[in-house]
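Scroll down for the structure; my scribbles are underneath it.
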Amino acid sequence: METQKWTQLWLNYKDAETKPGTADIVVEGFDENAPVVANAIAEFKRAARGISLSLLHKDTIPGEGYRALGSEDGITVEASDERGILYGVFAAIRQMYCGKRAVEVAEEASPKNPLRMMNHWDNMDGSIERGYSGESFFFENEEIVIGDRTRDYARFMASIGINGVVINNVNVKGAASYLITDRYFGRLSELSELFEGYGIKLYMSLNFASPIEIGGMDTCDPLDQKVIAWWEDKIKEVYDRLPNLGGFLVKADSEGRPGPFTYGRTQADGANMLADVIKPYGGIIIWRCFVYNCTQDWRDYKTDRARAGYDYFKGLDGAYHDNVILQIKNGPMDFQIREPVSPLLGGLTKTNQILEVQIAQEYTGHQIDLCYLIPLYKEVLDFHTHCDPEKDTVADVVSGRTMGNTLGGMAAVINTGNDLNWTGNDLAAANLYGFGRLAFDTDLSAEEIAREWIAMTFGLPKKEEDILCSMLLRSREVYEKYTSPLGIGWMVNPMGHYGPSVDGYEYSRWGTYHRADHLGIGVDRTEKGTGYCNQYYEENAKMYSDPKTCPEELVLFFHHLPYTYMLKSGKSLIQHIYDSHFEGEEQARGLAADWDSLKDVIPEAAFGRVKERFDLQLDNAREWRDQVNSYFFRKSGIADEKGRTIY
Ligand code: GCV
């Protein structure tokens, strides 16, 4: 039986300027046989046959940057390094597929973030933690898989400027602990080489307890000399076999993973030990700040999970060695549809920082519901932390502009799997594309990115492009409206995290509560409550502390308020809950209807796949609407002013 080949996402080159015959390729100052240059040329030939290409070395262009320019003679790409050449070629291709003729191509750019990374939560048995697009294409039956699909993946990543990929889940267990042993070096070296050809460094997640689990020792205390010696030997062995490895990502002392706390050591002790060992090889340690108490008592109103990252990491600011980067989730909780920005971002002023976002739609609809996440990432990047008089946005901090450091950037938990369309929902590829483009250029708008993605993927006429673009741009707010209100989050089915369960997490150990009773709802995080507000710089602390100045979409994150509390809209809190849930469900139907209107312009298979997802989304939206509204009606006893059906 013939198997259908996977889609080519935004590199489908549907309308290649296909003049028959070959065109001239001129390369000056680079080795045209070097893998990165050769791959750039191959890509150009595939996308734009018949057009000449010149690749020129220009020292004046910043690292990884490029100048791509079209003329009657074809396209010229200038750069100072091979990655710049690769990115410049992809930029020229993008411009042509976004409507420019070859002669009109003109773009000069260099990346705003030094590190632009994808984090896979792929397990070696082929499953993917929080994966909604099939199984892993890196791992199967505890083996590493490398094939045409791997190369296509690398092309997609290079085309959006990704320069680092962590291939395995941060929860490192079982066979994954052995990725740093001889059992896997052969395949890893092949993979690393393939990635290098696309300007991508290979990274791996590391098991902090490796000295115990694979070394047979009885401790992994980071200050124990025997443990340090074990790591020195191990890392030497790793770099002998994988000289281009970028380094390691570590989830320690979190959700049951081992870490330095077991030995009374700090997070800095753990990170610095590994960083010192890896330093001679030029490697880096990316240490996650997702550390919190996941065995909390729901009766305890003082312990606040939102505080945990700052409480554990801020005190050690300045203590982390220079090849350590702290990776910080965008919000203080865990990738909810609406959270404030983590106060650690910019709260740290002497430490390298990476912003972590989640493209995988764990809490945002499992790639069933449409949820274009670029507006969310933009809000985070544009947030003024007040850590500096001028360069104080999260984008400033993680790019290195605030501190003048060179290690930092953005990482995303990726949403791919081995589904034919890579992302389950074809429209979820907009998030994948968008993350890379935004990490490269944080100034791009959510709309610009959406339009690029649509043009490259579907190449629609203007009217239909507008419809799809508007769908993407509306979708996050729609999702927010029919799920949890005003920043409270977590009213989701525990474990799976799809669909409503208002009290699903209310009496659990995870530190995720809404505290609703018959009078009101919300978590008091002011000084009178958990004090979380004060982790921000004064301006923000003040703003969040008062429900009148707190941005309303976050008001229940910061305050416990009565259902009769009047919002700026002139609506009571309870009426807002009812209205937004009715509106959200209705607007979800609007999204589905818009999709139906595109039937004639979207390829049949993709159209059908997305339509099926919308059917499920509408069921989901209805369920959320009715469960949330009924719950609050029953708690509060306050009727909907508009007399709509509540159960
Ligand atoms: C990889 C959340 C997810 C977990 C995930 C964790 C993390 O808690 O539900 O599946 O584990 O975040 O980011 O480490």
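Tabulated data
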| read-out | value |
| --- | --- |
| Some residue of the stretch 326-341 being charged (D, E, K, R), in a strand (DSSP E or B) and surrounded by 21 or more Cβ atoms within 10 Å (Cβ to Cβ) | yes |
| Residue list for the stretch 528-576, restricted to those being surrounded by fewer than 18 Cβ atoms within 10 Å (Cβ to Cβ), more than 21 Å from His384 (Cβ to Cβ) and in contact with a Ser or Thr (Cβ under 7 Å, 6 or more places away or on another chain) | Thr564, Met566 |
| Lone unmet requirement of (1) within 24 Å of Lys314 (Cβ to Cβ); (2) of a type in the set (A, V, I, L, M); (3) not in a helix (DSSP H, G or I) for Ala271 | (3) |
| Qualifying positions in the stretch 456-478 - basic (Lys, Arg) and under 26 Å from the mean Cα position of the chain (by Cα) | Arg474, Arg476 |
| Total residues in the stretch 219-267, condition of a type in the set (Gly, Ala, Ser) and within 16 Å of the ligand (Cβ to nearest atom) | 4 |
| The stretch 162-193 - residue that is closer than 19 Å to Gly409 by Cα and aliphatic (A, V, I, L, M) and, of those, farthest from the ligand (Cβ to nearest atom) | Ile162 |
| Near pairs, Cβ below 7 angstrom, 6+ apart or cross-chain, from the stretch 594-619 (within 27 Å of His581 (Cα to Cα)) to any residue that is surrounded by 15 or more Cβ atoms within 10 Å (Cβ to Cβ) and of a type in the set (Val, Ile, Thr) | Asp594/Ile467; Trp595/Val610; Ser597/Ile467; Leu598/Ile467; Arg613/Ile368; Leu616/Ile368; Gln617/Ile368 |
| Meets criteria (closer than 23 Å to Glu379 by Cα and within 16 Å of the ligand (Cβ to nearest atom)) for Gly489 | yes |
| Identity of the residue in the stretch 127-154, out of contact with any strand residue (DSSP E or B) (no Cβ under 8 Å at 6 or more places or on another chain) and part of a strand (DSSP E or B), that ends up farthest from the ligand (Cβ to nearest atom) | Glu143 |
| Lone qualifier among Met124, Met96, Met157 - being within 16 Å of the ligand (Cβ to nearest atom), among the aliphatic types (A, V, I, L, M) and modelled with pLDDT of 95 or more | Met124 |
| Residue match in the stretch 194-208 (condition: more than 30 Å from Tyr433 (Cβ to Cβ), modelled with pLDDT of 95 or more, more than 16 Å from the ligand (Cβ to nearest atom) and in a helix (DSSP H, G or I)) | no |
| Filter result (within 13 Å of the ligand (Cβ to nearest atom), touching a Gly at 6+ places or on another chain (Cβ under 8 Å) and among the polar types (S, T, N, Q)) within the stretch 323-341 | Gln336 |
| Residue ID - farthest from Thr351 (Cα to Cα), chosen from residues in the stretch 271-289 that are in contact (Cβ under 8 Å) with a residue 60 or more places away in the chain and away from the ligand (no atom under 16 Å from the Cβ) | Leu274 |
| Residue identified as outside the structural domain of Arg515 (by TED's automatic domain parsing), of a type outside the set (A, V, I, L, M, F, W, C) and in contact with a strand residue (DSSP E or B) (Cβ under 7 Å, 6 or more places away or on another chain) among Asp441, Asp466 | Asp441 |
| Residue identified as β-branched (Val, Ile, Thr) and surrounded by 23 or more Cβ atoms within 10 Å (Cβ to Cβ) among Val103, Val89 | Val89 |
| Count of residues meeting criterion [more than 30 Å from Tyr507 (Cα to Cα) and surrounded by fewer than 16 Cβ atoms within 10 Å (Cβ to Cβ)] in the stretch 282-297 | 1 |
| Tally, over the stretch 257-268, of residues that are part of a loop (DSSP other than H, G, I, E, B) and in contact (Cβ under 8 Å) with a residue 40 or more places away in the chain | 5 |
| Any chance Leu348 is aliphatic (A, V, I, L, M), in contact (Cβ under 8 Å) with a residue 24 or more places away in the chain, surrounded by fewer than 23 Cβ atoms within 10 Å (Cβ to Cβ) and more than 16 Å from the ligand (Cβ to nearest atom) | no |
| Filter pass, Gly331 being of a type in the set (Gly, Ala, Ser) and farther than 28 Å from Met273 by Cβ | yes |
| Selection count where residues are within 16 Å of the ligand (Cβ to nearest atom) and charged (D, E, K, R), scope the stretch 492-539 | 1 |
| Any hit, the stretch 260-277, residues being over 24 Å from the mean Cα position of the chain (by Cα), buried (at least 16 other Cβ atoms within 10 Å of the Cβ) and among the basic types (Lys, Arg) | yes |
| Breaking point among (1) more than 16 Å from the ligand (Cβ to nearest atom); (2) in a loop (DSSP other than H, G, I, E, B), for Val397 | (2) |
| Some residue of the stretch 171-192 being closer than 20 Å to Arg437 by Cα, crowded, with 24+ Cβ neighbours inside 10 Å, of a type in the set (A, V, I, L, M) and out of contact with any helix residue (DSSP H, G or I) (no Cβ under 6 Å at 6 or more places or on another chain) | no |
| Residue ID - surrounded by the fewest Cβ atoms within 10 Å (Cβ to Cβ), chosen from residues in the stretch 467-518 that are of a type in the set (Lys, Arg) and in a helix (DSSP H, G or I) | Arg474 |
| Sole residue being over 23 Å from Ala109 (Cα atoms), assigned to a strand (DSSP E or B) and in contact (Cβ under 8 Å) with a residue 24 or more places away in the chain, chosen from Glu362, Glu464, Glu356 | Glu356 |
| Single residue of the stretch 351-372 satisfying the filter (more than 16 Å from the ligand (Cβ to nearest atom) and under 22 Å from Gly424 (Cα atoms)) that is surrounded by the fewest Cβ atoms within 10 Å (Cβ to Cβ) | Ile368 |
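The values are calculated or read from the model by the stated rules, or taken from the named source; none is laboratory data. Predicted, not measured: the structure shown is a model, and the values here were computed from it. Neighbour counts are summed over all protein chains in view; Cβ atoms, including those assigned to glycine, are modelled from backbone coordinates with ideal geometry.
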